[in-house]
Structures are given as C-alpha cells and as structure tokens.
Amino acid sequence: MKKIRPILIGFIFILNASWQSEARDLMQFLQSQPDLSDIREMEGNGFFNNLYQLKIRQPLNHNDTTAGFFNQRVFVAERAVDHPVVLITEGYSAEYAAQPNYINELSLLLDANQICVEHRYFGESIPDSIAWQYLTVENAARDHHRITQLFKLYYSGKWLNTGISKGGQTALAHRAIFPDDVSLTVAYVAPLNFGVQDGRHECFLAQVGSETCRKKIMAFQREILKRRQQMVALLKNYSDARNYNYPISMDEVLDFSVLEYSYSFWQWGHAAHEIPDLSANDQTLFKHFVKISPPDYFSQEGSAHYRAFFYQAARELGYYGYDTEPFSDLLSIASANGYLKRFMIPGNQPVPYHPETSLMVHNFLQNHAKNILLIYGEIDPWSASAASVRKRGNNQVIVLPGGCHKARIQDLPVHQKNKLLKSMKKQLH
C-alpha cells in the first residue's frame, strides 16, 4: 500500500493539473477571439469541468454586414477538449442554461461538451434596434455556422446539433443549409409546417386519443362557452389581477382560449380525469380552464417574450389553425382564420409567408440527409406536422407511445434507448 500511495497521489495531481490546464486553455482561447466579449465563468455542476457564459458579435444580416451587428448569448460547458460537442440550437431564450445544474440529456448520454446558443431576437440576444427583416431562418443558421466554425478551432471531437420544438426546427434548418457542420442531428418534437395555418393539426385533434376523451374535451369547451357571461366576468377579474391587456375583446379572448384548450390539453399530456364534471360551479370550471389554456397566451404582456416567434411563424415557420365548426353556434367570432397575423405578430405589420424555407428543409431531409434522428410524442399535436426523413444513412424517426411534447430519449424503453445510444456513439467516433 505504501508503494501504491505515491503513484495514486501522482495520478490525482496529473489529473487535476490536466483539468486546470483545460480550464486555462479554454479561457485563453475565448479571450483570444476578437468577436467574443462579456466572458464570465459560471459555477460548476460536477459533470462539466468548466462553464462559461459569453457574447458573440454577429451580423444582423450575414449577407450584408453594413446592416450592423448584435451580441448573441452563448453558454459553453466543457467536459474534455477531445470529446463530442453537443450544439443546442435553442429556439427561444436560453436563460435556463444560466443555471449551473443544466445538463442536456445528450451531453450526459454521450459524455460530451455542451454549447447552448440563444436564438437571435430572444432573451439577451435582442438587437438594440429591432429590424424584423433580418430575423430569418437563414440568418439563424449562419449564426450557428459561425459559432460551430469558431469552436472547432478548439474542440477536436465530432459535433451534433439538437433542439426541442422550435429549437428542433432550428437544428434541422442549420443542418440543411450547412450539412457538414455536424455529424448528427437530434431534433425533438420538431414540426415542419407548410403554411401559416398548416391544416393538419385540426385533423389530428379530431382523431388523437380515445373517442371518450375527445368527447369529454369538446363537452367541456362547449360548457365554457355556454356560460359566456360568467366566464367573461371571471376572465376579466383574472386578467385585471395580473395586469393583462389584450389586443382583442374579452369575448374574443374567451373564444380563442377555448379553441386553444384542446391543443394545449394534448400537447402537454393531460388526462381525461382532470376535466371537472360539467355540473361543477363556475369557479371550478374556470380554474381548470385557465390551467390548461392560460389566457395570457393572447395578452400583450404574456406574449411579449414570443413576439419574435410569432413573426417567424407568420413569415417562414408556419403555425396551426383552429377548427371553429363544432362551436360555431356558441362563438362570438365568425372565423379564426388569419388570427396570427391579425393580432399576434409585432405591430400588426403585414408579413408575407415564404413557403420556400420549409420546402428547402423538406427537400434536404428527403434527398440528402444522413444521421438524422427525429423524436416525437404520439399524442402531441405538433406530430401532425412532423418532419419526415427518408430512412437511409442512419436516419430514424421514433414516436414515443402515449408521449406528448415532453418526449425525450430518457423516456424510451431501456432496450430501445441502449440501441439508439450505441448508434449515436458510432456516428460520433
């Protein structure tokens, strides 16, 4: 034992020295890059050896730098310089990555480094002067391309990109435009819509789950509308208490919240037993109603963090519509068509839809893609407009039975998860 002890101490010393060296090397690398600023070391979490938050100077328009620049927030979490790199193409704010305990499931599964990129025009990555015309899928992909190329100067392992929902859309677009930036793409619950009101979601909601559950949902929606006077009064009190303001009348807020109810119910995996009996009092029904379909979604305050998304949905990403037919006798609105452009995009500005973006991504997935993993939840309405990829070159589509918008690899059966993990590791080595 006396002979082993000095060797063990020496090994620990070398290991600690190695980690300290990597920390020093990463910081030196970050500080040596002229486009990086506001570099701050973050508290460790036991998995990553070094964590940093920083800003990268990005062109507003990658095709014309005279348009100006903005600072994009990036979180870098290092496992080891020669390990794989998980590039998280967040679709919104990346504030969650500021928490020291945040670890993407792929980073854990693959023993990988992690770079989380906040999407342009969200969180702390908003330009000083917002020029909406530069909020495009292509510019976002070029943001990620610049970050990938920069950090490949430091990290020697292979790369994968990943994202959830809109972040998954972002990952697929990045891969379609810059297919060689990463070796693998893992997109969770990522839609690929082909219209501002795609049209497939309404059909999905008419068939998802059991008939008994669907009937119970519709009966509840109709009951809320039948009690319009009481519900509008409760809705007004609820909104006043939270200082919510709406760009539409309170009657319209009730209508759209009722239409949104079924979408939200299935998206987040609720169950029929949660729906109160229709004989319950107004307060009981209302409490459940706003839990599933919060009206702040349509408020100016509640939607403030998502206005950039609504602009993107109207311009390139597409969205979903509502089926008003089952409620036409109870609604105050004549139609829900065009609701997104009518009152949800910034400044109610006219925004023409560009279908070529989704068609470009679809063409890539059908004709050129390899090493693409798409994960969906069976009852998630976003699965109605799921991206499809030709099954070749290690491309896979996995639908989690009974899964909702929270479907993840960790939710898969053990044998399927292990098989998938083996395949991913092979693609990254």
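The values are calculated or read from the model by the stated rules, or taken from the named source; none is laboratory data. From a predicted model like this one, the values you see are computed outputs, not experimental measurements. All Cβ positions, even for glycine, are placed from backbone atoms using ideal geometry, and neighbour counts span all protein chains on display.
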Hey, among Asn71, Asn61, Asn45, which residue is modelled with pLDDT of 95 or more, within 24 Å of the chain's Cα centre (by Cα), assigned to a loop (DSSP other than H, G, I, E, B) and outside the structural domain of Phe310 (by TED's automatic domain parsing)? Asn61
Filter segment 404-415 down to the residues that are over 22 Å from Tyr322 (Cα atoms) and touching a residue at least 60 places away in the same chain (Cβ under 8 Å), then identify the one that is surrounded by the fewest Cβ atoms within 10 Å (Cβ to Cβ). Gln410
Inspect segment 105-116 for any residue being of a type in the set (D, E, K, R), touching a strand residue (DSSP E or B) at 6+ places or on another chain (Cβ under 7 Å) and over 18 Å from Asp35 (Cα atoms) and give the result as yes or no. no
Hits in segment 131-148 - residues which are assigned to a loop (DSSP other than H, G, I, E, B) and surrounded by 16 or more Cβ atoms within 10 Å (Cβ to Cβ): Leu135, Thr136
What is the one condition in (1) over 14 Å from Phe256 (Cβ atoms); (2) under 19 Å from the mean Cα position of the chain (by Cα); (3) modelled with pLDDT under 95; (4) of a type outside the set (S, T, N, Q) that Glu316 does not satisfy? (3)
Expected output for segment 13-42 (first residue closer than 17 Å to Phe151 by Cβ and in a helix (DSSP H, G or I), partner at pLDDT 95 or above and charged (D, E, K, R), Cβ below 8 Å, 6+ apart or cross-chain) is Glu22/Glu78; Ala23/Glu78; Leu26/Glu78; Met27/Glu41
Of the conditions (1) surrounded by 23 or more Cβ atoms within 10 Å (Cβ to Cβ); (2) of a type in the set (Phe, Trp, Tyr); (3) in a helix (DSSP H, G or I), Tyr121 satisfies every one except a single condition; which number is it? (3)
All positions within segment 255-304 that are free of Cβ contacts under 8 Å to residues at least 24 places away in the same chain, under 22 Å from Ile164 (Cα atoms) and in a helix (DSSP H, G or I): Ala304
Among the candidates Gln230, Gln267, single out the residue that is out of contact with any His (no Cβ under 7 Å at 6 or more places or on another chain), not charged (D, E, K, R) and not assigned by TED's automatic domain parsing to the domain that holds Leu87. Gln230
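Per-residue answers, yes or no, for (1) part of a helix (DSSP H, G or I); (2) touching a residue at least 12 places away in the same chain (Cβ under 8 Å); (3) in the same structural domain as Ser332 (by TED's automatic domain parsing); (4) touching a Lys or Arg at 6+ places or on another chain (Cβ under 9 Å):
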position	(1), (2), (3), (4)
Gln207	no, no, yes, yes
Cys213	yes, yes, yes, no
Asn243	no, yes, yes, no
Ile248	no, yes, yes, yes
So Arg342, is it buried (at least 18 other Cβ atoms within 10 Å of the Cβ), part of a helix (DSSP H, G or I) and of a type outside the set (A, V, I, L, M): no
Quickly run through segment 354-394 and pick out the residues that are under 17 Å from Phe204 (Cβ atoms) and part of a loop (DSSP other than H, G, I, E, B). Glu378, Ile379, Asp380, Ala387, Ser388
Filter result for Lys419 (touching a helix residue (DSSP H, G or I) at 6+ places or on another chain (Cβ under 8 Å), surrounded by fewer than 17 Cβ atoms within 10 Å (Cβ to Cβ) and among the charged types (D, E, K, R)): no
Pair list, Cβ < 7 Å and 6+ apart or interchain, from segment 366-388 residues that are within 17 Å of Thr170 (Cα to Cα) and surrounded by fewer than 24 Cβ atoms within 10 Å (Cβ to Cβ) to residues that are at pLDDT 95 or above and among the acidic types (Asp, Glu): Ser385/Asp198
Odd one out for Gln366, checked against (1) under 17 Å from Pro191 (Cβ atoms); (2) polar (S, T, N, Q); (3) touching a helix residue (DSSP H, G or I) at 6+ places or on another chain (Cβ under 9 Å): (3)
Kindly establish whether Gly168 is at pLDDT 95 or above, buried (at least 16 other Cβ atoms within 10 Å of the Cβ) and either under 19 Å from the mean Cα position of the chain (by Cα) or of a type in the set (Lys, Arg) (or both). yes
